[in-house]
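Undergrad: Got a structure for you, written out below as structure tokens; questions coming shortly.
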């Protein structure tokens, strides 16, 4: 994934053409301009790691691991708290880049489900 497809802007309005975006604590926004079907997450690289999270997961490369884990949770369409409970912090996906003091991870989402009808003879599942 090309880091040149990531753009850091001071506000959301400038990113209307981005395929996806991530908002930072300081109000800036990172946008992904590459192919659709990606998720991103970004954090300020120099912000302190919350003490409770550092105690639980360690501070080494925390923001890289955090943004990759956020990407995995987003790709799975799960809240981060559920992902962490099930997989922990080191089960993230994607590539991590540094962009002007921002840690950004980008990952491809899984392929979407087929929209075609059921196959002949396919078992039905009950809900």
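Taken together, the values in this text are just the output of simple stated rules run on the coordinates, not laboratory data. Values in this document were obtained by computation on a predicted structure and should not be read as measured data. Every residue, glycine as well, gets a Cβ built from its backbone with ideal geometry; the counts of neighbours run over all protein chains shown.
Undergrad: Using the count of nearby Cβ atoms within 10 Å as a rough guide to exposure, how do 39, 106, 49, 29 rank from fewest to most?
TA: Ranking 39, 106, 49, 29 by Cβ neighbours within 10 Å, fewest first, gives 49, 29, 39, 106.
Undergrad: I would also like to ask the following. Quick one: work out Rg over Rh on the C-alpha atoms of the stretch 3-108, Rh as Kirkwood radius. Walk me through the numbers on the way to the answer.
TA: Values: Rg = 13.3 Å, Rh = 13.9 Å.
My calculation puts Rg/Rh at 0.96.
Undergrad: Can I ask one more? Arranged by the count of other C-beta atoms within 10 angstrom, fewest first, what order do 57, 33 take? It would help to have the intermediate numbers written out before the result.
TA: Values: 57 17, 33 14.
In order of increasing Cβ crowding within 10 Å: 33, 57.
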